[in-house]
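The values are calculated or read from the model by the stated rules, or taken from the named source; none is laboratory data. Values in this document were obtained by computation on a predicted structure and should not be read as measured data. A quick note on method: Cβ atoms are made from the backbone with ideal geometry, for glycine too, and the neighbour counts reach across all protein chains shown.
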Amino acid sequence: MEYKIIAKDGRAKRAEMKTVHGTIKTPVFMNVGTVGAIKGAVSTDDLREIKTQVELSNTYHLHVRTGDKLIKEFGGLHKFMNWDRPILTDSGGFQVFSLSGLRKIKEEGVYFNSHIDGHKIFMGPEESMQIQSNLGSTIAMAFDECAPALSSRDYVEKSVARTTRWLERCKKEMARLNQLPDTVNKEQLLFGINQGGIIPDIRIAHAKTISEMDLDGYAVGGLAVGESHEEMYHILDETVPHLPENKPTYLMGVGTPANILEGVARGIDFFDCVYPSRNGRHGHVYTNHGKLNLFNAKYELDSKPIEEGCQCPACRSYSRSYIRHLLKAKEMLGMRLCVLHNLYFYNTMMEEIREAIENHCYDQYKARKLEGMAAGSK
């Protein structure tokens, strides 16, 4: 991997990250395809058309449904889903820990029951690395504990210490796996995850500790899980300066366009969130003038595209009226068009962000973009 900062504007950075599956231009929004596909009938050909750079899939979900060993038989997730650009796989930690009633945390890992059929599963750092190695993703995430945002200081301290021990095990296991003769991707990269709830000194101490481990990249996890936006931004202000600037940074599970704009201003490279696809499937679409709910009656005879000037597949060919009709009739094409538009909107916004940083006018761009979108839902 080679990570090179192209331009900086304040703390915002525009970089390029060369990987075995191609170069990623950052800041970047990763399009979330949990089980190897974007929900809403979006194909990998669609992803290329709407300017997707990185697809994100989930270790836990692919392990319990279809299975990572079967995917390895196909030559890895890239070949399985016909995608030739980078893939990041989430470690499964967040999903496992969200199964609060079905799991038990131990030092060796987590024992839990599958949400599909209830069968017992164990996942620890080594198992997570092995599954991700079978998938052959470009970037693998370390297995961590995502503690609830408002956990007590005592719980957070113990959780972060365990996450650090697990990270050491992840690094050791990945080094071993990348040397095996039958490994799908011997150049697989490992990102560590900073945790610490909303307690700044714990976050900072953990950032310093994992920075010394010389990983390929660093994520800030455990945010957007119940705390306010202001608390999230404060944690980023406090934490990111203590992560290596010469390595990519990733804010996990975030977020809205406004969250992304604020995250970039604080030095974040990578983002992911289900919002654009989830909202699209419910007829909520993003524009530069606020978010629209296409189920609203005022769009019944509206001949305009979702957004004038947008070059996504939906806006190039269809009216708000027709898409509303499809949504009301529960035709999948309506959901598909809205998802394509939203992902195109996000991917295009990231292009604009990169250009603004290069032109040293990011603050002005951010203010203009936020003001335009402040019109709110309609």
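Observations on the structure shown:
- Residue count for region 135-150, restricted to those that are under 21 Å from Tyr111 (Cα atoms), out of contact with any strand residue (DSSP E or B) (no Cβ under 6 Å at 6 or more places or on another chain) and surrounded by 18 or more Cβ atoms within 10 Å (Cβ to Cβ): 4
- Count of region 116-134 residues which are surrounded by 15 or more Cβ atoms within 10 Å (Cβ to Cβ) and in contact (Cβ under 8 Å) with a residue 24 or more places away in the chain: 12
- Out of Asp269, Asp201, sole residue that is among the charged types (D, E, K, R) and in contact (Cβ under 8 Å) with a residue 60 or more places away in the chain: Asp269
- Matching residues, region 345-355, being surrounded by fewer than 22 Cβ atoms within 10 Å (Cβ to Cβ) and either aliphatic (A, V, I, L, M) or closer than 19 Å to Glu307 by Cα (or both): Asn347, Thr348, Met349, Met350, Glu351, Glu352
- Answer from Cys361, Cys312 - the residue that is surrounded by 22 or more Cβ atoms within 10 Å (Cβ to Cβ) and either of a type outside the set (Ser, Thr, Tyr) or closer than 30 Å to Pro248 by Cβ (or both): Cys312
- Residues considered: Ala37, Ala15. Of these, the only one that is more than 20 Å from Cys273 (Cα to Cα) and hydrophobic (A, V, I, L, M, F, W, C) is Ala15.
- Here Gly33 meets each of (1) touching a helix residue (DSSP H, G or I) at 6+ places or on another chain (Cβ under 7 Å); (2) surrounded by 15 or more Cβ atoms within 10 Å (Cβ to Cβ) with one exception, condition (1).
Yes/no per residue for (1) within 21 Å of Ala41 (Cα to Cα); (2) at pLDDT 95 or above; (3) of a type outside the set (Ser, Thr, Tyr):
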{"residue": "Arg266", "(1), (2), (3)": "no, yes, yes"}
{"residue": "Asn279", "(1), (2), (3)": "yes, yes, yes"}
{"residue": "Leu294", "(1), (2), (3)": "yes, yes, yes"}
{"residue": "Tyr299", "(1), (2), (3)": "no, yes, no"}
{"residue": "Tyr322", "(1), (2), (3)": "yes, yes, no"}
{"residue": "Leu326", "(1), (2), (3)": "yes, yes, yes"}
{"residue": "Glu331", "(1), (2), (3)": "yes, yes, yes"}
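- Residue that is surrounded by the fewest Cβ atoms within 10 Å (Cβ to Cβ) [pool: residues in region 209-266 that are hydroxyl-bearing (Ser, Thr, Tyr) and within 17 Å of the chain's Cα centre (by Cα)]: Thr256
- Count of region 38-70 residues, restricted to those that are assigned to a loop (DSSP other than H, G, I, E, B), closer than 25 Å to Phe143 by Cβ and in contact with a helix residue (DSSP H, G or I) (Cβ under 7 Å, 6 or more places away or on another chain), is 1.
- Flag if Asp269 is surrounded by 23 or more Cβ atoms within 10 Å (Cβ to Cβ) and charged (D, E, K, R): yes
- Options Gly40, Gly75; residue that is within 18 Å of the chain's Cα centre (by Cα) and in contact (Cβ under 8 Å) with a residue 60 or more places away in the chain: Gly40
- Just one of the listed residues (Lys13, Lys18) is in contact (Cβ under 8 Å) with a residue 24 or more places away in the chain and not assigned by TED's automatic domain parsing to the domain that holds Pro313, namely Lys13.
- Residues in region 1-30 that are touching a helix residue (DSSP H, G or I) at 6+ places or on another chain (Cβ under 8 Å) and either in a strand (DSSP E or B) or crowded, with 16+ Cβ neighbours inside 10 Å (or both): 14 in all.
- The set of residues in region 296-352 being of a type in the set (S, T, N, Q) and in a loop (DSSP other than H, G, I, E, B) consists of Asn296, Ser303, Gln311, Ser319.
- Residues (among the acidic types (Asp, Glu) and either at pLDDT below 95 or closer than 17 Å to Lys208 by Cβ (or both)) located in region 159-193: Glu168
- Arg368 being within 19 Å of Lys51 (Cα to Cα), out of contact with any strand residue (DSSP E or B) (no Cβ under 7 Å at 6 or more places or on another chain), free of Cβ contacts under 8 Å to residues at least 12 places away in the same chain and not hydroxyl-bearing (Ser, Thr, Tyr): no
- Selection from region 9-26 of residues that are under 15 Å from Glu351 (Cα atoms) and basic (Lys, Arg): Lys13, Arg14, Lys25
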